Amino acid sequence: MDDIDSAILGHLQRDARLTNRELARLVGIAPSTCLERVRGLRAREVITGYHAAVNPRALGRSVQALIFARLRPLTREVIDSFESYLAKLPEVRSVMVVSGDEDFVVHVSVTDIEHLHGFLMDRLSARREVVSFRSSMIYRETSTRVLTAFGDADGDRA
C-alpha cells in the first residue's frame, strides 16, 4: 500500500460508482495504471466488494437500535449458529461478535417500536442460547470515516 493506493481506496469508499477514467483523473494517474492498481487491491483482498448505501427511512424502517446479547453455552458452534440465524433476518443490518460483557452487538432497523418489541420477544428471546439482552435506540447515525492504510483519506495519520 502506498499513497496512490490509499487515494484510490478513499475515492472508491466515497463513491464506488466512479468509472476507471474518473478515478484515474482524481488520483492523477493513467487509466491503465489505475485499473491495474484496483485489480491488485482486489487480488490482495483489500477491496472485498462494492455496495449501495440504503436509507432505512426511505424503506419505512425509521426505528434503529443496537441490541447487546449474551449467549450460553459460549461455544464456537453456538456462536456460529446464532450469527448465521441473525444474518438471515430482514430486520438485521449488521452482526458483530464482540468481547466484554455481551457476546453480540446487532444493528437492526424496523418500522416502529412495536416491531422492535416483537423482534426482541419473538426472534431473540425465543432462542434457547440467549440468556440476556438489552437494546439501545439509535437517534442519529453518522457515516464512518474512509479507511486507508495510512490514516484517513485526508492524509491524517491514525
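The values are calculated or read from the model by the stated rules, or taken from the named source; none is laboratory data. Quick caveat: nothing in here was measured; it's all calculated off a predicted structure. Every residue, glycine as well, gets a Cβ built from its backbone with ideal geometry; the counts of neighbours run over all protein chains shown. Accessible surface is based on the protein model in full, side chains and every heavy atom, while ligands, DNA and RNA are left aside. Shrake-Rupley method; radii C 1.70, N 1.55, O 1.52, S 1.80 Å.
Details
Rundown of residues vs (1) within 19 Å of Ser84 (Cα to Cα); (2) in a strand (DSSP E or B); (3) among the β-branched types (Val, Ile, Thr); (4) modelled with pLDDT of 95 or more, yes/no style:
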{"residue": "Ser109", "(1), (2), (3), (4)": "yes, yes, no, yes"}
{"residue": "His115", "(1), (2), (3), (4)": "no, no, no, yes"}
{"residue": "Met121", "(1), (2), (3), (4)": "yes, no, no, yes"}
{"residue": "Arg128", "(1), (2), (3), (4)": "yes, no, no, yes"}
{"residue": "Ser135", "(1), (2), (3), (4)": "no, yes, no, yes"}
{"residue": "Ser143", "(1), (2), (3), (4)": "no, no, no, no"}
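- Condition check for Val27: in contact with a Phe, Trp or Tyr (Cβ under 7 Å, 6 or more places away or on another chain), among the β-branched types (Val, Ile, Thr) and under 23 Å from Val146 (Cα atoms): no
- Options Arg14, Arg57, Arg93, Arg39: the member that is of a type in the set (D, E, K, R) and over 18 Å from the mean Cα position of the chain (by Cα): Arg39
- When segment 76-97 is filtered for residues that are open to solvent by less than 70 Å² (accessible area, probe 1.4 Å) and more than 21 Å from Arg128 (Cβ to Cβ), only Ser94 remains.
- Residues located in segment 93-107, provided they are in a loop (DSSP other than H, G, I, E, B) and not charged (D, E, K, R): Val98, Ser99, Gly100
- Selection count where residues are in contact with a Leu (Cβ under 7 Å, 6 or more places away or on another chain), under 19 Å from Glu141 (Cβ atoms) and either aliphatic (A, V, I, L, M) or touching a residue at least 60 places away in the same chain (Cβ under 8 Å) (or both), scope segment 69-107: 4
- Flag if Leu71 is farther than 26 Å from Leu120 by Cβ and modelled with pLDDT of 95 or more: no
- Per-region count, segment 44-61, residues free of Cβ contacts under 8 Å to residues at least 40 places away in the same chain and more than 19 Å from Thr142 (Cα to Cα): 6
- The set of residues in segment 57-75 being more than 20 Å from Val130 (Cβ to Cβ) and surrounded by 17 or more Cβ atoms within 10 Å (Cβ to Cβ) consists of Arg61, Val63, Gln64.
- Number of the exception - Leu86 against (1) outside any loop (DSSP other than H, G, I, E, B); (2) under 15 Å from Ser125 (Cα atoms); (3) over 15 Å from the mean Cα position of the chain (by Cα); (4) not polar (S, T, N, Q): (3)
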